[in-house]
Amino acid sequence: MALYSEKVMDHFMHPRNLGKMEDADGIGEVGNAKCGDIMRMYLKVDQDTQTITDASFITFGCGSAIATSSMATELIKGKPISEALALSNQAVVEALDGLPVQKVHCSVLAEEAVQAAVKDYYDKHDIAYDHTIFGECGGNCACCHQHD
Ligand code: FES
């Protein structure tokens, strides 16, 4: 059996939604200290419906990181933010028909990049959010400002 599924190869060779988004509402950048790969995710959000109308990415990394970023953008486009936040790396892997075990960590970057971009959107638009989703905010989020 081939190491990589046809879908992984397709998204690696022909990444969807590749490139910087000039007017992004939220940008998330995450990295893996071990391999040095970096993923940046851009989101456009409809403020009224809190729906992700567009998503794009730039990834400096391995083929699996590129394929998972590509698939993640496809999976969150047109979806409510709540669904994007619930996107797990496992769901991305399943949508790609699997990844070799030693490459599953690359898909974690995709999950984290989506969450980081949503957090950036919330911060930039002063929208309060559940701290348990993102962990420590460093006192910079809208809900912390409300306590000031
Ligand atoms: Fe670094 Fe794939 S090896 S994300």
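The values are calculated or read from the model by the stated rules, or taken from the named source; none is laboratory data. As the structure is a computational prediction, the values presented were derived from the model and not from experiment. Backbone-built Cβ (ideal geometry, glycine too); neighbour counts: all protein chains shown.
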Taking the stretch 8-50 and keeping only residues that are among the charged types (D, E, K, R), surrounded by fewer than 16 Cβ atoms within 10 Å (Cβ to Cβ) and at pLDDT 95 or above, one is left with 20, 22, 23, 29, 46, 48
Of the listed residues (19, 98, 36), the one being among the small types (Gly, Ala, Ser), touching a Gly at 6+ places or on another chain (Cβ under 9 Å) and on the phi > 0 side of the Ramachandran plot is 36
Out of curiosity, is residue 129 within 21 Å of residue 50 (Cβ to Cβ), surrounded by 12 or more Cβ atoms within 10 Å (Cβ to Cβ), at pLDDT 95 or above and hydroxyl-bearing (Ser, Thr, Tyr)? no
Checked the stretch 1-24 for anything touching a residue at least 60 places away in the same chain (Cβ under 8 Å), in contact with a Ser or Thr (Cβ under 9 Å, 6 or more places away or on another chain) and more than 16 Å from residue 72 (Cβ to Cβ); matches are 4
Subset of the stretch 12-49, residues under 16 Å from the mean Cα position of the chain (by Cα) and part of a loop (DSSP other than H, G, I, E, B), comes to 15, 16, 17, 19, 20, 21, 24, 25, 32, 37
Of the candidates 72, 91, 55, the one satisfying the condition of being at pLDDT 95 or above, closer than 26 Å to residue 132 by Cα, more than 16 Å from the ligand (Cβ to nearest atom) and assigned to a helix (DSSP H, G or I) is 91
